[in-house]
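Values in this text are rule-based calculations from the coordinates and carry no lab data. For clarity, every value in this text was computed on a predicted model and none was experimentally measured. Positions of Cβ are backbone-derived with ideal geometry, glycine not excepted, and every protein chain shown enters the neighbour counts.
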Amino acid sequence: MKPFAYDRATDADGAVATVTADPDAMFVAGGTNLVDHLKLGLVTPEHLVDVSRLPLDQVTEREGGGLRIGATVRNADLAAHPLVRQLYPVLSHALLAGASGQLRNVATTGGNLLQRTRCAYFQDVTAACNKRDPGSGCAALSGWTRYHAILGTSSDCLAAHPSDMAVAMVALDAEVVVLGPDGERRVALEHFHRLPGDRPDLETVLEHGELITAVEIPPLAMARRSAYRKVRDRASYAFALVSVAAALDVQDGVVRDVRLALGGVGTRPWRARVAEEALVGGPATEAAFAEAARAELAAASPTDDNAFKIPMTRSTVVAVLSGLAGEETR
Amino acid sequence: MEADLTWRVDGVEHTLAVDTRTTVLDALRDRLGNTSPKKGCDHGQCGACTVLVDGRRQLSCLGLAVAHDGSEITTAAGLVDGDELHPVQQAFVDHDGLQCGYCTPGQVCSAVGMLDEVKAGHPSAVSDDLEADVELDEDEIRERMSGNLCRCGAYSNIVAAIEEAARA
């Protein structure tokens, strides 16, 4: 590990100013991903600015509904928060499906959004990786890609976004509140992560020095009945092969409204807009759910190793939406 | 680069200067000689390094020591009360919840933290109803302890030990 200076930030503006002024500085919060990356040599900051003790650790109700989640709220605390459990169960379920109890006690909301792919080639500094070392190539293209993305990939990168939390949040139309040297701005989470294209090293729309201070979730009545299902290689403590976050509003057998997002299959938390459009106004039947999933997956470009994710995604979408539709009509 | 750190470890205050790169785990083991938390994978995948930080279970291998200035750290060695084992430790002994023992201090700290989470009403990934009281059955224990691996495969006795400790 390369030596680095360490500072504990006492206010957000100061933290932003410090990192903005130093191109070799990085923020650190829980550190559950970054400290591992320091050990692996994936990142080599000369200066860490610790934002974990900034007063951004509250979940509050917004005026007019919805929640504001401070950036340093721990994943465990967010999952257990009474309002999240009640208003957005999909978010609690997604958080609880991720990592382990020990990690959820430390990992923060902002850090979770910025966690990096678990692509084995990205994490191996001896392998070619356009994300870690732009222009070096992509070892995954000729490698083992069971855990890689099938949606949003490019000829330069197949890495899947690893977050569960973000999949639920993108389904819920979350907004990311960002503080920069010139003040605050808001970015829809759906547009916060970039597709890899020919610059997989650019993962989000954040500029150097910009700090996530909160995530806001608008009110959504149907989210009270929402669900998250994660399919993985072992029963717990593993990244998703496929995951589905959904909220559904059915009346008289017709889909009035739906939110659908996918994890484990996209290069970013994947809002399934094509499927949503196919569903609204149509029948709430398994056949319609499968057809909508098929429409979303028409754009998929799988490898031999991960082509199984297409039928697995379709089945999981059908299972989750059918479950919600059944609940709805009870 | 060095930085000063003051923290309490198993009830004793320590002040030391650490290289900023030092993890909590390495500071405990190499600087304070507290070898209770174990270095298994050193990448947050096995749970052998689990300690309690301000009462909550965490992985000491993924925390920077300098970020824990002012923290109260409890390792499995610090759970004893005089000569008396902590109820979770005693349950592991009574149920033979180990073979080689390497993962055990992490398992014990994780179980202590986990039982507090249950008392606080935290749901888990296998809790069907997020708002219902937690019934700590085998599925719940296995899910909540999934961050602690045991290469000997002593899981069935670990579950039994935790079930008993939960009843205590």
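Values as computed for the structure displayed
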| quantity | calculated |
| --- | --- |
| Amide H contacts of A:Val255 (H built 1.01 Å from N, under 5 Å, at least 5 apart or other chain) | A:Gly281, A:Gly282, A:Ala284 |
| Those lysines that a straight Cα-Cα span of less than 16 Å connects to A:Lys309, excepting residues fewer than 8 apart in one chain | A:Lys230 |
| Rounded FRET efficiency, nearest 0.05, which uses the C-beta distance separating B:Glu84 from A:Thr126 and R0 of 56 Å | 0.65 |
| Extended-chain gain in nm, criterion 0.36 nm per residue less alpha-carbon gap, A:Ser322 and A:Ala287 | 11.6 nm |
| Under the Karplus curve 6.51 cos²θ - 1.76 cosθ + 1.60, θ = phi - 60°, whole-Hz ³J(HN,Hα) for segment B:122-135, x wherever Gly or Pro sits | 5, x, 10, 5, 9, 7, 5, 9, 5, 9, 7, 5, 7, 9 |
| Amide proton proximity set for A:Thr44, modelled H, under 5 Å, gap of 5+ | none |
| Model label zone, A:Thr10; criterion: amide N under 18 Å from point 7 Å along Cα-to-beta-carbon; scope segment A:71-93 | none |
| For residues of B:117-124, the mean tally of beta carbons on other chains within 10 Å | 4 |
| Within segment A:227-329: Cβ-based charge dipole about Cα centre, in debye rounded to nearest 20 (Lys, Arg +1; Asp, Glu -1) | 440 |
| From phi via Karplus (6.51, -1.76, 1.60), per-residue ³J(HN,Hα) for segment B:80-95 in Hz, x at Gly/Pro | 5, 10, x, 8, 8, 5, 4, x, 5, 4, 4, 5, 5, 5, 4, 9 |
| Over segment A:227-329, relative contact order from alpha-carbon pairs under 8 Å, at least 6 apart, % | 27 |
| Vicinal HN-Hα couplings computed from phi for segment B:142-148 (Karplus, 6.51 cos²θ - 1.76 cosθ + 1.60; Hz; Gly/Pro x) | 4, 5, 6, 9, 5, x, 10 |
| Helical mean residue ellipticity (222 nm; -39500 (n - 2.57) per DSSP H run of 4+; nearest 500) of chain A | -8000 deg cm²/dmol |
| Tensor-based shape of segment B:1-151 (alpha-carbon gyration tensor, a/c under 1.5 rounded, otherwise prolate or oblate) | prolate |
| Calculated FRET efficiency for the pair A:Asp133/A:Asp198, C-beta based, R₀ 25 Å, to 0.05 | 0.95 |
| Residues whose placed amide H lies under 5 Å from that of A:Arg232, excluding near-sequence neighbours | A:Leu241 |
| Net charge dipole size for the protein assembly as shown [Lys, Arg +1 and Asp, Glu -1 on Cβ; Debye, nearest 20] | 1160 |
| Crossing angle, helix A:309-329 versus chain A [Cα axis fit, 0-90 degrees, rounded to tens] | 60 |
| Extension gain, A:Arg53 back to A:Trp144 (0.36 nm per residue minus Cα-Cα distance, nm) | 28.8 nm |
| Those lysines that a straight Cα-Cα span of less than 19 Å connects to A:Lys131, excepting residues fewer than 8 apart in one chain | A:Lys39 |
